[in-house]
Amino acid sequence: MKIKSICCIGAGYVGGPTMAVIAQKNPNIKVTVVDLNAQRIVDWNNKDLSKLPIYEPGLDDVVAEARGRNLFFSTKVDEAIDQAQMIFISVNTPTKTYGAGKGMAADLKYVELCARQIAKVATRDKIVVEKSTLPVKTAEAIQNILDNTGNGVDFQILSNPEFLAEGTAMRDLAVPDRVLIGGDSTTSKGQEAIQALVEIYASWVPKENILTTNVWSSELSKLTANAFLAQRVSSINSLSELCEVTGANIQEVAKAIGMDSRIGSKFLQVSVGFGGSCFQKDILNLVYIAKSLGLNEVADYWHQVILMNNHQRERFAKKIIKTLYSTISGKTIAFLGWAFKKDTNDTRESAAIYVADSLMDEQAIIKVYDPKVTSTQMQLDLNYLNTRSESENIKYLKTQIDPYTAMDGAHAIAVLTEWDEFKSYDWKRIYKNMQKPAFIFDGRNVLDRQILENIGFIYKGIGY
Ligand code: NAD
Ligand code: UGA
């Protein structure tokens, strides 16, 4: 089976970039990305490529190449489903905020809505691909809905989880470590569906990097990959606290252990805590699945990764308060960075939100500079926590469009995101214009401690 037409439901951080690359590499396939959020679609269609709804280095070039040729963004969901042979579901699967599994399980209502809509509209056979991250066994539920509410056509379900990381998404998509495709290889229709998706990726990914498994292994591998990555960050962060009280240096420890080829050097960068839309959500989901199956030891083991991350964020905020003589009411603390990592405008679960919240509890004034995050987004992030009124959030958190203005007159600076530009600031000028003693809390260990201490700053990094 040769696929000529694809629809992707969900034009977010995954749907947009993945489909842009599939369209770029397969000029003969028509790819239509649809979303209920009309503004998002307007932004994806913006002629000015700097106004795309997500910031991702290199995305603008790929969109420029494919958009209007064989890549389209639209709100016409039914039409796109009807025309496509293959439909990717790439909608959000956030942690549930209500009912059974509240705060732990993945909320699958958006996925179910997609399945019902596909079933309603489809009058020809379709391949349905799970691109969203889903609990193991979700394909069974999707199959059930499709078969019971559909028009009698055949639906093949595949799992094709996405492993891109934000900030490096275009490279991750262009040269993926692997592409994972789960399907039912016990039937000829299942094999055909798997092969059809393999062929799409084979346009640019070497066949040996395209891994096919059964559906459940594929679904579970995605949750597990994120759990393992997050676990490494929590492991190194846990040791940073031990370093601070013993005089060991976490950077030296990370280097020493990372050179063991069995351990490897990646994901050993100590930080103020991991953020992003997925690590916490996916581990909580894993914990929930294990608990639901009565596997309490498994659940407790993974839950600790989250508890350690919460501790690391709280510890950072407490250190700032304690160092500033345990009184920060009315003091100004400049934040460098709000995004959950560099090279993205995504702020979901960013450590900056939680650290700001703790400092605002103590009535500090936070002045934030981030090269890609808007003031509206920062206020939304704080309001979502529901800690205080919207007007109080506006009173205590001020967004600055210039980093020097953010740091002028500040009592302390806190680095929350590892944006490269922070390293090349005029630190002498910044020191001159700050309150003394001038403190820097480097939550990413990105600044040069020696240079800053020579200027006169009191520098506090993580784990050394
Ligand atoms: P997102 O919130 O950026 O995008 C999801 C989009 O789906 C939204 O624009 C929303 O309006 C749309 N949507 C929801 N229901 C819809 C419906 N019924 N019809 C049409 N549109 C609908 O989310 P995301 O970050 O792209 O994540 C999507 C999935 O991919 C999640 O399951 C996530 O866990 C997974 N994932 C995310 C990343 C990442 O880096 N963000 C990486 C790998 C996997
Ligand atoms: C992560 C995974 O890396 C992707 O493979 C996965 O597809 C994605 O989640 C997902 O499912 O959403 P992402 O969250 O975009 O990608 O970014 P990461 O590079 O993994 O960083 C996550 C968080 O961990 C960031 O806050 C980052 O600053 C932090 N981190 C990462 C560290 O603190 N130290 C490290 O060594 C690495």
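The values are calculated or read from the model by the stated rules, or taken from the named source; none is laboratory data. Computed from a predicted model, the values in this text were never measured in an experiment. Neighbour counts are summed over all protein chains in view; Cβ atoms, including those assigned to glycine, are modelled from backbone coordinates with ideal geometry.
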Listed by first then second residue, the pairs whose first member lies in the stretch 240-256 and is surrounded by 12 or more Cβ atoms within 10 Å (Cβ to Cβ), whose partner is of a type in the set (D, E, K, R), with beta carbons under 7 Å and at least 6 positions apart or on separate chains, are Glu241/Arg315
Pairing a residue in the stretch 1-13 that is in a loop (DSSP other than H, G, I, E, B) with any residue that is away from ligand 2 (no atom under 16 Å from the Cβ) and basic (Lys, Arg), where Cβ atoms lie under 8 Å and the two sit 6 or more apart in sequence or on different chains, gives Lys4/Lys30; Ala11/Arg40; Gly12/Arg40
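Looking at the structure I just gave you, is Val136 at pLDDT below 95 and either in contact with a strand residue (DSSP E or B) (Cβ under 9 Å, 6 or more places away or on another chain) or within 16 Å of ligand 2 (Cβ to nearest atom) (or both)? Even if it seems obvious, please write down each step before you answer.
Numbers: at pLDDT below 95: yes; either in contact with a strand residue (DSSP E or B) (Cβ under 9 Å, 6 or more places away or on another chain) or within 16 Å of ligand 2 (Cβ to nearest atom) (or both): yes.
Yes.
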Checked the stretch 99-112 for anything surrounded by 15 or more Cβ atoms within 10 Å (Cβ to Cβ) and either over 23 Å from the mean Cα position of the chain (by Cα) or within 14 Å of Asn285 (Cβ to Cβ) (or both); matches are Gly101, Met104, Ala105, Ala106, Asp107, Leu108, Val111
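Would it be correct to say that Ser277 is within 13 Å of ligand 1 (Cβ to nearest atom), surrounded by fewer than 23 Cβ atoms within 10 Å (Cβ to Cβ) and among the hydroxyl-bearing types (Ser, Thr, Tyr)? Let's see the steps before the verdict.
Values: within 13 Å of ligand 1 (Cβ to nearest atom): yes; surrounded by fewer than 23 Cβ atoms within 10 Å (Cβ to Cβ): yes; among the hydroxyl-bearing types (Ser, Thr, Tyr): yes.
Considered against the rule, which asks whether it is within 13 Å of ligand 1 (Cβ to nearest atom), surrounded by fewer than 23 Cβ atoms within 10 Å (Cβ to Cβ) and among the hydroxyl-bearing types (Ser, Thr, Tyr), Ser277 comes out as yes.
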Just one listed residue, out of Ala174, Ala227, Ala193, is in contact with a Leu (Cβ under 8 Å, 6 or more places away or on another chain), in contact (Cβ under 8 Å) with a residue 60 or more places away in the chain and farther than 25 Å from Tyr301 by Cβ, and it is Ala193
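Scan Lys266, Lys281 and give me the residue that is among the charged types (D, E, K, R) and within 12 Å of Val233 (Cα to Cα). Don't jump to the end; show me each part of the working.
On the way: Lys281 fails: within 12 Å of Val233 (Cα to Cα).
None of the others qualify; the one that does is Lys266.
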Exactly one of Asn160, Asn237 is farther than 30 Å from Val121 by Cβ and surrounded by 20 or more Cβ atoms within 10 Å (Cβ to Cβ), and that one is Asn237
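Taking the stated definitions as given, is Thr32 in a strand (DSSP E or B), in contact (Cβ under 8 Å) with a residue 40 or more places away in the chain and not aliphatic (A, V, I, L, M)?
On the way: in a strand (DSSP E or B): yes; in contact (Cβ under 8 Å) with a residue 40 or more places away in the chain: yes; not aliphatic (A, V, I, L, M): yes.
Yes, satisfied.
On the basis of being more than 20 Å from Leu416 (Cβ to Cβ), more than 16 Å from ligand 1 (Cβ to nearest atom), among the aliphatic types (A, V, I, L, M) and part of a helix (DSSP H, G or I), does Ala256 make the cut? Reasoning before the result, please.
On the way: more than 20 Å from Leu416 (Cβ to Cβ): yes; more than 16 Å from ligand 1 (Cβ to nearest atom): yes; among the aliphatic types (A, V, I, L, M): yes; part of a helix (DSSP H, G or I): yes.
Taking the combined requirement at face value, the residue satisfies it.
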Query raised in the report: Just a yes or no: is a residue in the stretch 181-192 within 23 Å of Cys278 (Cβ to Cβ), within 16 Å of ligand 1 (Cβ to nearest atom) and surrounded by 19 or more Cβ atoms within 10 Å (Cβ to Cβ)?
Result: yes
Apart from one, (1) modelled with pLDDT under 95; (2) within 16 Å of ligand 2 (Cβ to nearest atom) all hold for Phe88; the odd one out is (1)
